[in-house]
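Student: Below is a structure I'd like to ask you about.
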Amino acid sequence: MKKINFAVINFPGSNCEKDCFYVIKKILKHNCDYLWHQESIPNKIDCLIIPGGFSYGDYLRTGSIASQSKIANKIIDFANKGGSVIGICNGFQILTELKLLPGTLLKNKSLKFLCKDEYLKINNKSRFTSKYKNGEVIKLPIAHAEGNYYADKKTIKDLVKNNQIIFSYSREDGKIDEISNPNGSIMNIAGIMNKKGNVIGMMPHPERACESIFNNTMGLNFFKSIIHFHNI
Amino acid sequence: MPRYKIIIDIMPLKNVLDPQGEAIEISLKNSGNIKASNFRVGKKINFIISAPNKKIVDSQVQELCKKLLVNEVIEKYEYIIQDEKN
């Protein structure tokens, strides 16, 4: 298996970037670099990760200031050329502000910052989730104040039609309903990909569930899926 | 070059849930005879643009709104342009 080249982008206020780096480099033994938001993206990179956190203090709207940084157009070019892009939490918010993913993330319905484990039902028909079973239910941590996915009716219809909804908040048995919706997201959406299938945004944190010491390794297959994809 | 003061009001679109507005409404329910409802929370942004005339300022304000200041998926905006001296 060839080693895949990941890069984790850092903005002022990013966090979890070290968790992503650690999982890729130390647990999965693939290559990983950090990229500062004023740098270019090296040609060798296969997969970009935009990590969680509070880039630019969440000023104006979450992810909006980061979407104007020097690396922003380079992320868009990278995605347009088919490179794999993962946005986790604040990274998801940045990807919607970059218009690489449709819709946006509103404040949680409860107005509370949510930090807990959530069950997620998986659509495995993507390069990011192929190592899971279709319909599998996993548990991942969430930690956000603005994770309430919103898009207009037509966009939601398109997401459903094109199989772009990859993670949905569910009960442990996979039932998707209001009780299993932590933040008010339309259709319990926790993660979506673009139509082309090379850009994913998700609120849950797979990088925080990759080692047995955390009593949860359900996030590992997420990273293994993308490694598998780039080895085909 | 003339300087203009821009005042932009940004509000959530009608169909977008505004939990802050709802929270305010609930907290003000026990306000005696005052029947206040339909609270919506937005934001106001002020800044200065230097440009030859108001027409150019107008198109520049719209450009800035679309580029960064407003997310039209969830927000609408109105603005006024004043001479800075006023």
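What follows is calculated from the coordinates using simple rules that are stated; it is not laboratory data. It should be emphasised that the depicted structure is a prediction, and the values quoted were computed from it without experimental measurement. We place every Cβ from the backbone using ideal geometry, glycine too, and count neighbours over all the protein chains shown.
Student: Through the Karplus equation 6.51 cos²θ - 1.76 cosθ + 1.60, θ set to phi - 60°, convert the phi angles of segment A:143-148 into ³J(HN,Hα) values in whole Hz; use x for Gly and Pro.
Tutor: Couplings: 7, 7, 10, 10, x, 7 Hz.
Student: Another one. Would you please give the residues with an amide H less than 5 Å from that of A:Leu101, counting only those at least 5 places away or on a separate chain, with H modeled from the backbone geometry?
Tutor: A:Thr96
Student: Give me A:Asp58, A:Asp177 sorted ascending by neighbouring Cβ count inside 10 Å, so fewest comes first.
Tutor: Listing A:Asp58, A:Asp177 from fewest to most nearby Cβ atoms yields A:Asp177, A:Asp58.
Student: I would also like to ask the following. Quick one: if you take sqrt(5λ) for each eigenvalue of the C-alpha gyration tensor of segment B:3-83, what semi-axes come out, biggest first, whole angstrom?
Tutor: 33, 15, 8
Student: For A:Ile27 and A:Asp77 in one chain, what is 0.36 nm times their gap in residues minus the Cα-Cα distance, to one decimal in nm?
Tutor: Details: separation 50, 0.36 × 50 = 18.00 nm, distance 2.96 nm.
Result: 15.0 nm gained on full extension.
Student: Which FRET efficiency value, to the nearest 0.05, do you get for B:Val41 and B:Ile80 by plugging their Cβ-Cβ distance into 1/(1 + (r/R0)^6) with R0 = 25 Å?
Tutor: For B:Val41 and B:Ile80, the calculated efficiency is 0.80.
Student: Another question about this same structure. Just flag the GluC sites (Glu not before Pro) in segment A:116-194 sitting in loop per DSSP whose Cβ has no more than 14 other Cβ atoms within 10 Å.
Tutor: Taking segment A:116-194 and a limit of 14 other Cβ atoms within 10 Å, the loop GluC sites (Glu not before Pro) found are A:Glu172, A:Glu178.
Student: In terms of modelled amide H atoms, which long-range or inter-chain residues lie less than 5 Å from the amide H of A:Ala145?
Tutor: A:Leu114
Student: What residues have an amide H closer than 5 Å to that of A:Cys32, excluding those fewer than 5 places away on the same chain, when H is modeled at 1.01 Å from N in the peptide plane?
Tutor: Distant-sequence amide H within range of A:Cys32: A:Phe6.
Student: Longer than 30 Å from Cα to Cα, which of A:Lys18/A:Lys196; A:Lys2/A:Lys196; A:Lys74/A:Lys116; A:Lys125/B:Lys14; A:Lys70/A:Lys116; A:Lys44/A:Lys99 are they? Say none if no pair is.
Tutor: Where the Cα-Cα span goes over 30 Å, the pairs concerned are A:Lys74/A:Lys116; A:Lys125/B:Lys14; A:Lys70/A:Lys116.
Student: Taking the beta-carbon count within 10 Å as an exposure proxy, list B:Met1, B:Met11, A:Met203 from fewest neighbours to most.
Tutor: Sorted ascending by nearby Cβ count, the order is B:Met1, B:Met11, A:Met203.
Student: Would you mind ranking A:Ser180, A:Ser126 so that the residue whose beta carbon has the fewest other beta carbons within 10 Å leads the list?
Tutor: On the way: A:Ser180 19, A:Ser126 22.
By the 10 Å Cβ count, ascending, the order reads A:Ser180, A:Ser126.
Student: Let me ask something else about it. For segment A:14-65, take the alpha-carbon Rg, divide it by the Kirkwood Rh, and send me Rg/Rh.
Tutor: That ratio is 1.02, to two decimals.
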